[in-house]
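The numbers here are math on the coordinates, done by the rules we state, and not lab data. The structure displayed is predicted, hence computed values, not measured ones. Note that we place each Cβ from the backbone using ideal geometry, even for glycine, and neighbour counts take in every protein chain shown.
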Amino acid sequence: MIDLILLEQLIAFNDCGTLSKAAEQLNISQPALTRSMQRLEDELGIQLFIRTKNRMTLTDTGYYTVSQARQLLRHTDDFYQKIHQYALQQVVLYVGASAPGPLYKVVYRAKERKLEQKLTTEMADDNVLTEKLLNEEFQLVITNKPIDNPKVISNLFFNEVLYLTVPPDHPLAGREFVTKEDLAGLTMLLRTQLGIWEDFVNQLTETTFIKQSETGGI
């Protein structure tokens, strides 16, 4: 098994151009780096360098080895990230949604069923949620529409409806439904961070909204 540190040192030599500069960057002595490169050649059983009296350069095989070493180290980093993420997901359940209502429902159901995992929630648009689900950053996402991807299973969670709450003597009280025109000229209290409902609210240009944050501030 090749020591990955040797590959990191090989890449440093390639990037720096000389042993002395690479050794300085790696914070090791030049003789130690020279021995490491010789050890790498011995372990691979191939010649990576052309050595002259005052200079050492990479062979074509050496340059190819550098490119492969970069790929291997990237895969190694990805490996560590994935296993750490997986381990974390055993104690933390990552859930994303495109609106606040579904997140409240998920949190409520988790408490109702006494789920042992801790819940971490995030609100984002459908594209971001889909990307994070496919990248395994989320185990569960709730989107405005099904995700069309063979790697994803989508099921209907619930239908969400916006409700207008008014006093009994309000002109709109008793209506089965209201139109956007009915809301013109009204002043209404509205929470922030509405997710997919933001676009709808932004269309109500003739309605005045007093927005209340999650913590109760206005």
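Listing for the model above:
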| item | result |
| --- | --- |
| Debye log10 I(q)/I(0) for the stretch 161-218, one point scatterer per Cα, at q = 0.16, 0.20 Å⁻¹ | -0.55, -0.85 |
| Tilt relative to the chain, helix 60-89 - C-alpha long axis, 0 to 90 degrees, to 10 | 40 degrees |
| Per residue Cα convex hull volume in Å³ - calculated over the chain | 239 Å³ |
| Zone residues, the stretch 189-209, relative to ASN127, backbone N less than 17 Å from point 7 Å out along Cα-to-Cβ | 195-199 |
| Net charge over other residues, Cβ less than 11 angstrom from the Cβ of GLN47 (K, R count +1; D, E count -1) | -2 |
| Environment charge of GLN90, counting only residues whose C-beta is closer than 12 Å and scoring Lys/Arg +1, Asp/Glu -1 | 0 |
| Alpha-carbon spread of the stretch 48-164, three principal axes, descending order, Å | 83, 30, 26 |
| Exposed GluC sites (Glu not before Pro) absent: longest stretch of the chain, with sites in DSSP loops and at most 16 other Cβ within 10 Å deemed exposed | 1-115 |
| Of LEU44, LEU172, PRO100, farthest towards positive along the dipole that unit charges on Lys, Arg, Asp, Glu beta carbons give the chain | LEU44 |
| Cα long-axis angle, helix 4-16 against the chain (0 to 90 degrees, to the nearest 10) | 80 degrees |
| Size of charge dipole - the stretch 161-218 - debye, nearest 20, with Cβ of Lys, Arg +1 and Asp, Glu -1, no other charges | 140 debye |
| Cβ-placed point charges (K, R +1; D, E -1), dipole of the chain about Cα centre in debye, nearest 20 | 700 debye |
| nm² value of the averaged projected area, convex hull over the Cα atoms of the stretch 4-82 | 5.2 nm² |
| Angle in degrees between helix 100-112 and the longest Cα principal axis of the chain, rounded to the nearest 10 | 80 degrees |
| Length gained when the stretch LYS114-GLU160 is fully extended (0.36 nm per residue, less Cα-Cα span) | 14.1 nm |
| Where labels lie 7 Å past Cα in the beta-carbon direction, separation of MET1 and ASN27 in nm | 2.5 nm |
| Cβ crowding within 10 Å averaged over residues, with 146-156, 29-39 ranked highest first | 29-39, 146-156 |
| Label-point separation, THR208 to GLU8 (7 Å along Cα→Cβ), nm | 6.2 nm |
| Total charge dipole magnitude, the stretch 1-64, about the Cα centre, Cβ charges on Lys, Arg, Asp, Glu only, Debye to nearest 20 | 340 debye |
| Estimated FRET transfer efficiency when R0 is 22 angstrom, pair VAL107-ASP148 (beta carbons, to 0.05) | 0.20 |
